[in-house]
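One structure is given below, encoded as structure tokens.
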Amino acid sequence: MSEAGADGVAGRTYPPVTFEIKAERVAAFARSIGADVADGVPPTFAAVYSLGATAPQLFADEEAAVDFAKLLHADQEFAWERHPRVGETVTSRGRVVSDTSRRGMRFLTFETETAGSDGAPLCRSRALFVIRS
């Protein structure tokens, strides 16, 4: 993990995390959002293999000091090069893009780059967390 800079933990990167796209998890997720399981991996499953796989590193980082009781997940976006396949193992790496405070609130932007099993870019996830002081 890289060191924190002058702007809180902006620039901090976390170790890569691998995640296997298992058929039963994809099917359960698809059913929960009303998608057809036969259509493959739903685009929003990126919330699991990309953000969901890396955000725990940020939240467990004592220097990042993210207080869940005061956290609002304010924004989320995904951009894909392609969607993963069931059975594929992907690798995601998270980093803090920005960490600023103003008017009693902290704005932390967290981005995850996910690569497919071939190492080529697959998905980028970007989230904005607002944390009240």
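Remark: pairs (first residue in the range 75-102, closer than 12 Å to Phe129 by Cα; second residue part of a strand (DSSP E or B); Cβ separation under 6 Å; 6+ apart in sequence or on different chains) = Asp75/Leu128; Gln76/Ala127; Val96/Phe110; Val97/Thr109; Val97/Glu111; Ser98/Thr109; Asp99/Leu108; Thr100/Phe107.
Annotation: of all residues in the range 117-130 being in contact with an Asp or Glu (Cβ under 8 Å, 6 or more places away or on another chain) and part of a strand (DSSP E or B), the one that is farthest from Tyr49 (Cα to Cα) is Leu128.
Checking each residue in the range 117-133 for being of a type in the set (Gly, Ala, Ser) and either at pLDDT 95 or above or crowded, with 16+ Cβ neighbours inside 10 Å (or both) picks out Ser117, Gly119, Ala120, Ser125, Ala127.
The numbered conditions (1) in contact with an Asp or Glu (Cβ under 6 Å, 6 or more places away or on another chain); (2) more than 19 Å from Thr44 (Cα to Cα) are all true for Ser133 except (1).
Checking every residue in the range 53-74 against the condition of being of a type in the set (Gly, Ala, Ser), closer than 28 Å to Ser117 by Cβ and touching a strand residue (DSSP E or B) at 6+ places or on another chain (Cβ under 9 Å) gives at least one match. Tell me which residues, restricted to the range 5-46, are farther than 21 Å from Glu113 by Cβ, touching a residue at least 40 places away in the same chain (Cβ under 8 Å) and of a type in the set (D, E, K, R). Within the range 5-46, just Lys22 meets the criteria.
Summed over the range 59-79, the residues that are of a type in the set (Phe, Trp, Tyr) and closer than 15 Å to Val96 by Cα give a count of 1. Restricting the search to strands (runs of 3 or more DSSP E) fully inside the range 1-116 and requiring at least 1 residues that are in contact with a Cys (Cβ under 9 Å, 6 or more places away or on another chain) and modelled with pLDDT of 95 or more gives 71-80, 89-102, 105-115. All conditions but one from (1) over 13 Å from the mean Cα position of the chain (by Cα); (2) farther than 16 Å from Phe129 by Cβ apply to Thr114; the one that does not is (1). The single condition from (1) crowded, with 16+ Cβ neighbours inside 10 Å; (2) within 22 Å of Gly8 (Cβ to Cβ) that Leu72 fails is (1). Would you check if there is a residue in the range 9-26 being closer than 18 Å to Leu128 by Cα, surrounded by fewer than 17 Cβ atoms within 10 Å (Cβ to Cβ) and among the small types (Gly, Ala, Ser)? Within the range 9-26, one or more residues are closer than 18 Å to Leu128 by Cα, surrounded by fewer than 17 Cβ atoms within 10 Å (Cβ to Cβ) and among the small types (Gly, Ala, Ser). Restricting the first member to the range 103-120 and to residues that are free of Cβ contacts under 8 Å to residues at least 24 places away in the same chain, and the second to residues that are crowded, with 17+ Cβ neighbours inside 10 Å and among the small types (Gly, Ala, Ser), the beta-carbon pairs closer than 8 Å and six or more apart or on different chains are Thr109/Ala127; Glu111/Gly94; Glu111/Ser125; Glu111/Ala127; Glu113/Ser92.
The values are calculated or read from the model by the stated rules, or taken from the named source; none is laboratory data. It should be emphasised that the depicted structure is a prediction, and the values quoted were computed from it without experimental measurement. Cβ coordinates were reconstructed from backbone atoms using ideal geometry, including for glycine residues, and neighbour counts include every protein chain displayed.
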